[in-house]
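Colleague: Dropping the structure in here first, questions after.
The values are calculated or read from the model by the stated rules, or taken from the named source; none is laboratory data. Because the structure is a prediction, the values reported are computed rather than measured. FYI the Cβ positions are ideal-geometry reconstructions off the backbone, even for glycines, and counts take in every protein chain you see.
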Amino acid sequence: MSLARATLRETHLRIRSATFRHRRDLTIRMNAPTRHYLDFERPLGELDAKIEELSKLSEGGEAGKFDSEIASLRKRADKLRRDTYARLDPWQKTQVARHPDRPHLKDYLDALIEDFVELRGDRVFGDDQAVVGGPGRFRGLPVMVIGHEKGHDTDTRLKHNFGMARPEGYRKAVRLMDMAEQFGLPVLTFVDTAGAYPGVGAEERGQGEAIARSTERGLTLGTPIVATITGEGGSGGALALAGANKVMILEHSIYSVISPEAGASILFRENGRAQAPHMAKAMKITAQDLIGLHVVDRIIPEPAGGAHADRELAIKSVGDAVEQETRALMGLSPDALRAQRAERFYAIGRRFG
């Protein structure tokens, strides 16, 4: 009897150990920096983990043994990914817009802009790395590029302040737009920020005034300006770089006057966080809502599974759309560009006024 109990206990311990190892390995894979899964993507993460495990076994001396099973799992994962992203609700889209693996400004600069020269400083106080900009060549066209940079790891996120700009960032943007007008350069902006930085120092140095000046400069610019919302477009911090002739938005990006969490905390107080998903829906912040309201001019499709699933394809799609819209504006005079821009924004107010 004691031998049977010992055997049973040993078997039980082996099962527990194997289960623990499996859960640990799955957790490590799903939480790896290069593979971040959102809550609603967990089933996708499990399928990807199985595919990865079988692929490693196949590479470890059993080549071809699992090919059919791997192909079947990949087919299931692709279908699940397409189906999941075809029915995202506004709160899930908000999470996708904030996904840490989405392409950031640096990725667009590296892939789309040649001979980029970063210009720093606002010539008043200092430099703010939450806003990065400078001249370069976009598919043969000399341009001025300005955008929010969030960073991709702890060090760069701190360096760029998570994309939340201080007054220096917006004053730098004004300086670069002045330069663009002086040399006749189209301006390309990439918007991805939760909002302007709300710190005491930023307020003391004139945060509101700096945002207003940047917005005004975009609206009065004598050269074409094309804005693309690549992730979050939060509040005046986003609008400061989006006073453009054409405002485009990626399929799963958001653009709003306030974040769903902040709006919910104002309306629902202590129960605010739980109400954030409802606020996201009520605020109409998704690309699909905004195109219907004529707040944005064009939706740029994302790859199945979002821009983070295929960064190269997402960046190419953005580049194609930006090129098309920019070249279409090149023949307009400075006065015509200003008039078109003014009419675009006036029309939003008239439509709901």
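Colleague: Considering every residue within the range 131-150, establish whether at least one is out of contact with any strand residue (DSSP E or B) (no Cβ under 8 Å at 6 or more places or on another chain), closer than 21 Å to GLU302 by Cβ and not charged (D, E, K, R).
Modeller: The answer is no; no qualifying residue exists.
Colleague: What number of residues within the range 157-189 satisfy the criterion of being polar (S, T, N, Q) and in contact with a strand residue (DSSP E or B) (Cβ under 8 Å, 6 or more places away or on another chain)?
Modeller: So the answer is 1.
Colleague: While we're here: Please list, ordered by first then second residue, the pairs with beta carbon atoms under 7 Å, 6 or more apart or interchain, first in the range 80-91 and outside any helix (DSSP H, G or I), second β-branched (Val, Ile, Thr) and surrounded by 12 or more Cβ atoms within 10 Å (Cβ to Cβ).
Modeller: Filtered contacts from the range 80-91: LEU88/VAL96.
Colleague: Is it the case that LEU290 is among the hydrophobic types (A, V, I, L, M, F, W, C), buried (at least 16 other Cβ atoms within 10 Å of the Cβ), over 19 Å from the mean Cα position of the chain (by Cα) and within 28 Å of ILE225 (Cβ to Cβ)?
Modeller: So LEU290 fails the test.
Colleague: How many residues, within the range 294-312, are part of a helix (DSSP H, G or I) and surrounded by 14 or more Cβ atoms within 10 Å (Cβ to Cβ)?
Modeller: The total comes to 1.
Colleague: Which one is surrounded by the most Cβ atoms within 10 Å (Cβ to Cβ) among residues in the range 70-107 that are among the hydroxyl-bearing types (Ser, Thr, Tyr) and under 21 Å from ILE249 (Cα atoms)?
Modeller: THR94
Colleague: Only one of these conditions is not met by GLU69: (1) assigned by TED's automatic domain parsing to the domain that holds ALA196; (2) part of a helix (DSSP H, G or I). Which number is it?
Modeller: It fails just one condition, (1).
Colleague: What residue, among those in the range 92-118 that are free of Cβ contacts under 8 Å to residues at least 60 places away in the same chain and part of a helix (DSSP H, G or I), is nearest to LEU141 (Cα to Cα)?
Modeller: Among those residues, the one meeting the criterion is LEU109.
Colleague: Do we find that GLY263 is closer than 22 Å to SER214 by Cβ, surrounded by 19 or more Cβ atoms within 10 Å (Cβ to Cβ) and small (Gly, Ala, Ser) in this structure?
Modeller: It is false that GLY263 is closer than 22 Å to SER214 by Cβ, surrounded by 19 or more Cβ atoms within 10 Å (Cβ to Cβ) and small (Gly, Ala, Ser).
Colleague: Could you please find all residues in the range 237-293 being hydroxyl-bearing (Ser, Thr, Tyr) and in a helix (DSSP H, G or I)?
Modeller: SER265
Colleague: Right, another one. So which helices (runs of 4 or more DSSP H) stay within the range 140-211 end to end and still have 2 or more residues that are more than 19 Å from the chain's Cα centre (by Cα) and not hydrophobic (A, V, I, L, M, F, W, C)?
Modeller: Qualifying helices (runs of 4 or more DSSP H): 167-183, 200-204.
Colleague: Is it true that some residue in the range 295-308 is assigned by TED's automatic domain parsing to the domain that holds ARG175 and either touching a Ser or Thr at 6+ places or on another chain (Cβ under 7 Å) or hydroxyl-bearing (Ser, Thr, Tyr) (or both)?
Modeller: Yes, because at least one residue in the range 295-308 is assigned by TED's automatic domain parsing to the domain that holds ARG175 and either touching a Ser or Thr at 6+ places or on another chain (Cβ under 7 Å) or hydroxyl-bearing (Ser, Thr, Tyr) (or both).
Residues checked against (1) outside the structural domain of ALA307 (by TED's automatic domain parsing); (2) in contact (Cβ under 8 Å) with a residue 40 or more places away in the chain; (3) of a type outside the set (S, T, N, Q); (4) out of contact with any His (no Cβ under 9 Å at 6 or more places or on another chain):
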| residue | (1), (2), (3), (4) |
| --- | --- |
| LYS150 | no, yes, yes, no |
| HIS160 | no, no, yes, no |
| GLY169 | no, yes, yes, no |
| THR193 | no, yes, no, no |
| ALA210 | no, yes, yes, yes |
| THR230 | no, yes, no, no |
| GLY233 | no, yes, yes, yes |
| LEU239 | no, no, yes, yes |
| ALA244 | no, yes, yes, yes |
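Colleague: Suppose we filter THR228, THR220 for residues that are surrounded by fewer than 17 Cβ atoms within 10 Å (Cβ to Cβ) and under 30 Å from ARG171 (Cβ atoms); which single one remains?
Modeller: THR220
Colleague: Can you confirm whether GLY222 is out of contact with any strand residue (DSSP E or B) (no Cβ under 8 Å at 6 or more places or on another chain) and on the phi > 0 side of the Ramachandran plot?
Modeller: Criteria not met by GLY222.
Colleague: Right, something else. Return a yes/no flag: does the range 332-349 have any residue that is modelled with pLDDT under 95, exposed (fewer than 14 other Cβ atoms within 10 Å of the Cβ), in a helix (DSSP H, G or I) and at positive phi.
Modeller: No, every residue in the range 332-349 fails to be modelled with pLDDT under 95, exposed (fewer than 14 other Cβ atoms within 10 Å of the Cβ), in a helix (DSSP H, G or I) and at positive phi.
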